[in-house]
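Structure first, commentary second.
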Amino acid sequence: MPEPLQGVRGQHGDGRKRGPGKSAPTTPAIPKPRQVSRWMLTHPDHLDEDDALGLKTAVSSCEHLERLHSHIRTFATIMKQRRGAALPAWLDTVDADDLPALHTLATGLRRDLNAVINGLTLEHNSGAVEGAVTRIKALKRQCYGRANFDLLRLRILLTP
């Protein structure tokens, strides 16, 4: 015959209730690469506290990210302050570092280095021309299949 129960005790007989207890401590989630890229490419003054802390944590935990972030900040300074003359030195620094993605960028910039330096130095740009071309292309798309060249010409000349 089975022995009678002596009380409502757990399996170990210590009197504690069994069941869900405290959950195990969780580690912070690893940020996705796209999120880290956004943090790095955003101006530091435009990051909120959580994003700035996430960037600081990510950069401090990986030497490659730290060097990449340094190169990004330096390039941003060159662009913002229009210091195109500093670009060749930045390219040499990037080439000396072991970051293949930046090597690809540096190779692309070196293909037409004079134009890139002029773009980063001079205050002149082709923004007005590009805007006019975009407007003309939009008008052309609106007239597609319905009109001839004469109507397109009139719309280009008369539309502000």
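The values are calculated or read from the model by the stated rules, or taken from the named source; none is laboratory data. For clarity, every value in this text was computed on a predicted model and none was experimentally measured. Neighbour counts run over all protein chains shown; Cβ positions are idealised from the backbone, glycine included. Just so you know, the surface numbers come from the protein's heavy atoms only, side chains and all, with ligands and any DNA or RNA stripped out. Shrake-Rupley method; radii C 1.70, N 1.55, O 1.52, S 1.80 Å.
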- Residue pairs within 8 Å by beta carbon, gap of at least six or interchain, first lying in the range 126-152 and under 30 Å from Val116 (Cβ atoms), second assigned to a loop (DSSP other than H, G, I, E, B), listed first then second, are Arg135/Thr159
- Taking the condition at pLDDT 90 or above, assigned to a helix (DSSP H, G or I), surrounded by fewer than 15 Cβ atoms within 10 Å (Cβ to Cβ) and among the hydrophobic types (A, V, I, L, M, F, W, C), does Ile156 pass? no
- Could you grab me the full set of residues in the range 82-114 that are of a type in the set (Lys, Arg) and in a loop (DSSP other than H, G, I, E, B)? Arg82, Arg83
- Task: Residue by residue through the range 90-120, note down the ones that are surrounded by 12 or more Cβ atoms within 10 Å (Cβ to Cβ) and among the aliphatic types (A, V, I, L, M).
- Result: Leu91, Val94, Leu99, Leu102, Leu105, Ala106, Leu109, Leu113, Val116, Ile117, Leu120
- Item | Condition met for Ala86 (open to solvent by 40 Å² or more (accessible area, probe 1.4 Å) and of a type in the set (Gly, Ala, Ser)) | no
